[in-house]
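The values are calculated or read from the model by the stated rules, or taken from the named source; none is laboratory data. Just so it is clear, the model here is predicted, and its values are computed rather than measured. All Cβ positions, glycine included, derive from the backbone under ideal geometry; neighbour counts span all protein chains shown. Each accessible area value is taken on the protein alone, full model and side chains, heavy atoms only, with ligands, DNA and RNA left out. Shrake-Rupley method; radii C 1.70, N 1.55, O 1.52, S 1.80 Å.
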Amino acid sequence: MNVGSAGPGALSGIRVIDLSRILAGPFCTMNLGDLGAEVIKVEQPGKGDDTRDWGPPFAGSESAYFLGVNRNKKGITLNLKDPRGQGILKSLLCSADVLVENFKSGTLEKWGFTREWREREAPQLIHCEITGYGPEGPRAGMPGYDFLMQAESGLMSITGAADGEPVKLGVAIVDVCTGMYSAMCILAALNYREKTGRGQKISASLHSTSLSMLVNVASNYLVSGRNPGRFGNGHPNIVPYRAFSCSDGSIALAVGNDSQFRRLAECLGRSDWSDDSRFKRNEDRVRNREAIDRRIGDIMKTRGTAHWIELLQRQEIPCSPINDVNSALNDPQSLASDMVVDIEHATAGRIKMLGIPFALSDTPASIERPPPALGADTEQVLSDLLKLDQATIEEYRRDGVL
């Protein structure tokens, strides 16, 4: 991963028009921008993406939330309720490769951006629509919110202490995963277009994404017919696989097979567990989860986290400290992976942000642009791409089109 000029990325030459806001869409387009696409973020004049106001914290006048998902984008403002704004958008889409939006279903069609218009005027365009519930079903057209999707999909029902209340994850994980699915589908559609010359419509929804995130838990239910419960930090199919308290903190322990369990038993001074019919195999330990977890917990409490981490890692038993965010971001591994980078912002100054979590050997991903100030690139985009003259741009500004 690079900060600054790194040569053309894998998506160099691909132009993305980003009409999305909040998280799922912006996260999708940021990833495309990290891979080298030219991303033009279109926002409402005078207001912009709602997340610009989601703080504190702020860096200067920019919210940390907005900064976190909008790098590698040019920023323009456009009043899409004005026919002239719609005309500018049509011109942009005719020369674009990808459109990403998360408007309420039917909004673009109301403005004239129908399937027929796309096939006639922009047949190359890949249109990615991100909605709450998708185009079909009794809740089609309703807005979607990450928290509600975690509740509705069953994700919260399997998260939290067994004797506690359902809990959501600490980040908007459904939005994040929907953004990832959207980016994946866009790349697939670009590959198809390379063969056929034709764009297509992509529909991604928070609801379908949240259900897909149940993965093995959903499969457990579909096979067994038994509704899953909560295991706290435990795993429904693997034991021991959870957090354990030590004398001065906690560690995470992830014993994925019987060989690792035998080594764990030796480290804990209980080699006899490996021959105990209740604990010998993983399926035995799953059936006797409470008994083995209690025994391990009693021993773990006798020593500190550093002792157990050193001993267990030496025996190649998967374990980890349970870090706070500060510790995680400042961990030597995180720093060696360039997962925290410095970048210069026009109004916020020098800011830190997360790095890019993947690497390509021949077309490196890179951070070329900081998140844009509201409308920062409007004049440049309209004059360079659409060849609008200065007088027209100034007229549109006076009239509230920009």
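Some notes on this structure:
- Relative contact order of the chain, pairs being alpha-carbon contacts under 8 Å that are 6 or more residues apart, as %: 22
- 0 to 90° range, to nearest 10: angle between helix 258-267 axis and the chain longest Cα axis: 60
- Rounded to 10°, Cα long-axis angle of helix 305-314 versus longest principal axis of the chain: 90
- DSSP beta bridges fully contained in the chain are about 40 percent antiparallel.
- Projecting the Cα atoms of L92, A59, V39 onto the dipole axis of region 34-97, where Lys and Arg carry +1 and Asp and Glu carry -1 at the beta carbon, places L92 farthest toward the positive end.
- log10 of Debye I(q)/I(0), alpha-carbon scatterers only, for the chain at 0.13 Å⁻¹: -1.16
- Percent RCO, i.e. relative contact order, over region 63-184, from Cα pairs under 8 Å lying at least 6 residues apart: 16
- 3J(HN,Hα) along region 315-327: 9, 6, 9, x, 7, 7, x, 9, 7, 7, 5, 4, 5 Hz, from the Karplus curve 6.51 cos²θ - 1.76 cosθ + 1.60 with θ = phi - 60°, whole Hz, x for Gly and Pro.
- Shown for the chain: the carbon plus sulfur share of the solvent-accessible area, taken with all protein chains present and a 1.4 angstrom probe, equals 51%.
- Taken over region 191-330, the alpha-carbon convex hull comes to 205 cubic angstrom per residue.
- Close amide H pairs (under 5 Å, H built 1.01 Å from N) link H345 with R350, I351, residues at least 5 positions away or on another chain.
- In the context of the full protein assembly, E266 retains an accessible surface of approximately 110 Å², using a probe radius of 1.4 Å and ignoring ligands and nucleic acids.
- According to the calculation over all Cα-Cα pairs in region 151-252, the P(r) per 10 Å bin from zero is 13, 32, 28, 17, 8, 2, 0 %.
- Ordering E152, E316 by accessible surface, largest first, gives E316, E152; the 1.4 Å probe counts only protein heavy atoms, with every chain in place.
- With the simple spin-label model, which puts each label point 7 Å out from Cα in the Cβ direction, the W117 to Y145 separation comes to 3.0 nm.
- Residues in region 280-296 carry Karplus couplings, in order, of 4, 10, 4, 4, 5, 5, 4, 5, 10, 3, 5, 5, 6, 4, 5, 5, 5 Hz; the curve used is 6.51 cos²θ - 1.76 cosθ + 1.60 with θ = phi - 60°, and Gly or Pro positions show x.
- Y192 exposes around 110 Å² of accessible area when a 1.4 Å probe is run over every protein chain in place.
- Other-chain or far-sequence residues with amide H under 5 Å of L99's (modelled H): I17, I126, H127, C128
- Residue-normalised accessible area of region 113-248, given per residue in Å² at a 1.4 Å probe: 55
- Axis angle, to the nearest 10 degrees, between helix 215-224 and the longest C-alpha principal axis of the chain: 60 degrees.
- The residues of region 1-64 expose, per residue, 37 Å² of accessible area to a 1.4 Å probe.
- Solvent-accessible area of V341, all protein chains in place: 10 Å² (probe radius 1.4 Å, heavy atoms, ligands and nucleic acids excluded).
- Over 13 Å [Cα-Cα, region 258-301], rounded percent: 50
- Fraction of C-alpha pairs exceeding 15 angstrom in region 1-74: 55 percent, rounded to a whole number.
- Secondary structure note: in region 120-272, about 50% of the DSSP beta bridges are antiparallel.
- Region 271-328: relative contact order as a whole-number percent, Cα under 8 Å and 6+ apart: 15
- Here's the picture: charge each Lys and Arg Cβ at +1 and each Asp and Glu Cβ at -1 in region 158-262, and of S205, L190, G225 the one pushed furthest to the positive end of that dipole is L190.
- Amide hydrogen proximity for G36: with H placed 1.01 Å from N in the peptide plane, the residues at 5 or more positions away or on another chain lying under 5 Å are L11, S366.
- Flagged links, alpha-carbon separation over 27 Å, of K195/K387; K74/K195; K41/K81; K47/K104; K74/K168: K195/K387; K74/K195; K74/K168
- When the charge dipole of region 253-329 is built from unit charges on Cβ atoms (+1 for Lys and Arg, -1 for Asp and Glu) and taken about the Cα centre, the candidate among W273, S259, T305 whose Cα reaches farthest toward its positive end is W273.
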